[in-house]
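The values are calculated or read from the model by the stated rules, or taken from the named source; none is laboratory data. The model shown is predicted, which means the values in this text are computed figures rather than measured ones. Here Cβ is always computed from backbone atoms with ideal geometry, including for glycine, and neighbour counts include all displayed protein chains.
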Amino acid sequence: MKLKSFALKSVTFCFAAICGTASAQAATLTTIVDGISNARGISFGPDGSLYVAEPGIGGNGNCQPSPSTLFQPICAGNTSSLIKVTPDGTKQRILNNFESLAEQPTGNQGAGIEAVEFDSQGNAYLLTGFAGYPGNRDLETLNLGSTSTLPQEQLATFPPSTPDKVLNTPLLGQLYKVDLNTGSLTSIFDFAKYEITKNPDSGDVVTNPYDLTVNGDSAYVVDGGGNTAYKIKLDGSDFQAIAIPKNTISSSDLPPGLELPPGLLEELPGGNIAIQSVPTGGAIGPDGALYVGEYTGFPYPEGKSRIFRIGEDDKPEVFLDGFNHITDLTFDKDGNLLVLQFSDTSQLGGDITNLPGSLIQVAPDGTRTKLVAAGEGLDSADGIAIGPDGKIYITNRGVGPQLGEVVRVDGVVVEKVPEPASVFGLLALAGVGATAAFKRKRPERLGEELLAKAEIV
């Protein structure tokens, strides 16, 4: 892949091998809103209102196995919503009783409303997740599954569904233009239908649209189930589907005696294993490229998560590596890449509702700094945004009924991180910083009342 031309001016490179480690200062996290079930994406509207996606806790409807839950069943209900906090501090749920899937009876690992984002004209766009085999979504996708021309080995991971077993959740697995006042939805793209007919990564037939970014006339969606990044025109006239390549680990990275679920791992020559990427977070960089972070699939090895850069040639290239379980990315106004880690350790054997995570800043010169270290209050964190006040906001405790919250980062930890990145990544990120022009449109002010903690009405 050829790098775009950058005018490198006054760029200083700082490699970890020769850079010192600064002293640490404890981070301060201020809670803005809490009581959110399986909290996900976070954004700010044109008027400064804060929006938090609440995928919900499913219900007592039909169920299907999900790779997101290591094939434990997730069941349908109408418990998803979107939480809005206005600049004067008023908090409410809108788009109530939206379709939802989650484990039962725990209510963990919800899929429903995943994110809302806005274009430069203030129009709102809504992303819904799914986390499973799309042939079980509704009768229409059931029929698509029965007539699919995909190879049988791609379809064989999941048992065939029947009309009485479908989830009856036709609104899930889609991108919409949404009227937040009336709740009216206009479908722009159906990921479930595309996955079951095209399956862009040629792996198992699963879809879970997870993250949404709107920039210019396009929406960028990262599908963690389909291992694909999408660029979709907001008017629905065109799209590109870009498969994210699998990750390779050594068989020695597997825990001893681990039982391997079928279809998730691929043995390679030399004692290596290919695991699914599970891309989760996406952000448009100051250079106009799409940056995609990955969680990495089962068995969730530590230190193996990568960040890809997808430029004008639509080819994903490894940009940075050496992270743990990335759930979201964003760039700040100075061109720093902020990387949110769901957990600093593998989720295997741990309580997924309480896994200490962290926030890492990657400067334009490649230096990595932990702004919030593990143990400083981030647990199973799942979404990040820069507020109109320039502060960092994070959806925290993103797994479980009513456990989630939005926190504002008021203090930082100055702790440099060992740098495993390639020279390619350092050069590219330095170029990004040299021409940084923060592209995302943001409201000018955030009312101080938003900072007061109160119950959702």
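With the requirement that a residue be surrounded by 11 or more Cβ atoms within 10 Å (Cβ to Cβ), within 9 Å of residue 197 (Cβ to Cβ) and not small (Gly, Ala, Ser), what does segment 140-154 give you? Result: 144, 150. When we screen 378, 371 for residues that are surrounded by 20 or more Cβ atoms within 10 Å (Cβ to Cβ), of a type outside the set (Gly, Ala, Ser), touching a strand residue (DSSP E or B) at 6+ places or on another chain (Cβ under 6 Å) and farther than 28 Å from residue 225 by Cα, the only hit is 371. Residues in segment 377-390 that are farther than 12 Å from residue 343 by Cα and outside any strand (DSSP E or B): 4 in all. For segment 69-99, a residue qualifies if it is among the polar types (S, T, N, Q), over 19 Å from residue 395 (Cα atoms) and in contact (Cβ under 8 Å) with a residue 40 or more places away in the chain, and exactly one does: 69. For residue 218, the criteria (1) more than 19 Å from residue 330 (Cα to Cα); (2) without any contact (Cβ under 8 Å) to a residue 24 or more places away in the chain hold in every case but one, which is (1). Hey, can you tell me all the residues within segment 275-289 that are closer than 16 Å to residue 364 by Cα and touching a Ser or Thr at 6+ places or on another chain (Cβ under 8 Å)? 283, 284, 286, 287 - these are the residues of segment 275-289 that are closer than 16 Å to residue 364 by Cα and touching a Ser or Thr at 6+ places or on another chain (Cβ under 8 Å).
Is it the case that residue 195 is out of contact with any Cys (no Cβ under 9 Å at 6 or more places or on another chain), more than 22 Å from residue 117 (Cα to Cα), acidic (Asp, Glu) and surrounded by 24 or more Cβ atoms within 10 Å (Cβ to Cβ)? Here the answer is yes, as residue 195 does meet what is asked. If only residues of segment 136-155 that are in contact with a Pro (Cβ under 9 Å, 6 or more places away or on another chain) and not acidic (Asp, Glu) are counted, the one that is nearest to residue 207 (Cα to Cα) is 137. Residues that are under 16 Å from residue 141 (Cα atoms), part of a strand (DSSP E or B) and either touching a residue at least 60 places away in the same chain (Cβ under 8 Å) or not polar (S, T, N, Q) (or both) within segment 176-204 comprise 189, 190, listed in sequence order. Taking the listed residues 394, 386, the one that is over 27 Å from residue 299 (Cβ atoms) and of a type outside the set (D, E, K, R) is 386, with no other qualifying.
Test each condition in (1) under 22 Å from residue 348 (Cα atoms); (2) modelled with pLDDT of 95 or more; (3) part of a loop (DSSP other than H, G, I, E, B) for residue 235 and report the one that comes out false. Answer for residue 235: the failing condition is (1).
Figure legend. Inter-residue proximity from segment 312-341: first residues crowded, with 16+ Cβ neighbours inside 10 Å, second residues in a loop (DSSP other than H, G, I, E, B) and charged (D, E, K, R), beta-carbon distance below 6 Å, spacing 6+ or different chains. Indicated pairs: 324/302; 324/344; 327/382.
Look through segment 342-353, keep the residues that are of a type outside the set (Gly, Ala, Ser) and in contact (Cβ under 8 Å) with a residue 24 or more places away in the chain, and return whichever of them is surrounded by the fewest Cβ atoms within 10 Å (Cβ to Cβ). Ranking the qualifying residues of segment 342-353, first place goes to 348. Filter segment 56-85 down to the residues that are of a type in the set (Ser, Thr, Tyr) and at pLDDT 95 or above and list them by number. 79, 80, 81 - these are the residues of segment 56-85 that are of a type in the set (Ser, Thr, Tyr) and at pLDDT 95 or above.
Residues in segment 83-108 that are over 16 Å from residue 187 (Cα atoms), out of contact with any Pro (no Cβ under 9 Å at 6 or more places or on another chain) and of a type outside the set (Ser, Thr, Tyr): 12 in all. Residues 208, 215: which one is surrounded by 17 or more Cβ atoms within 10 Å (Cβ to Cβ), in contact with a helix residue (DSSP H, G or I) (Cβ under 7 Å, 6 or more places away or on another chain) and on the phi < 0 side of the Ramachandran plot? Just a single option satisfies the conditions, and that option is 208. Within segment 288-309, being more than 16 Å from the chain's Cα centre (by Cα) and at pLDDT 95 or above holds for 288, 289.
Going by the conditions given, is residue 15 touching a Gly at 6+ places or on another chain (Cβ under 6 Å) and either at pLDDT 95 or above or in a loop (DSSP other than H, G, I, E, B) (or both)? So residue 15 does not fit the description; no. Residue-level check: of (1) surrounded by fewer than 18 Cβ atoms within 10 Å (Cβ to Cβ); (2) free of Cβ contacts under 8 Å to residues at least 40 places away in the same chain; (3) touching a helix residue (DSSP H, G or I) at 6+ places or on another chain (Cβ under 7 Å), residue 226 misses just (1). The residues of segment 326-351 that are within 24 Å of residue 35 (Cα to Cα) and either touching a Phe, Trp or Tyr at 6+ places or on another chain (Cβ under 9 Å) or in a strand (DSSP E or B) (or both), listed by number, are 326, 327, 328, 329, 340, 341, 342, 343, 347.
Listed by position, the strands (runs of 3 or more DSSP E) contained in segment 247-307 that have at least 3 residues being crowded, with 20+ Cβ neighbours inside 10 Å are 279-284, 290-294.
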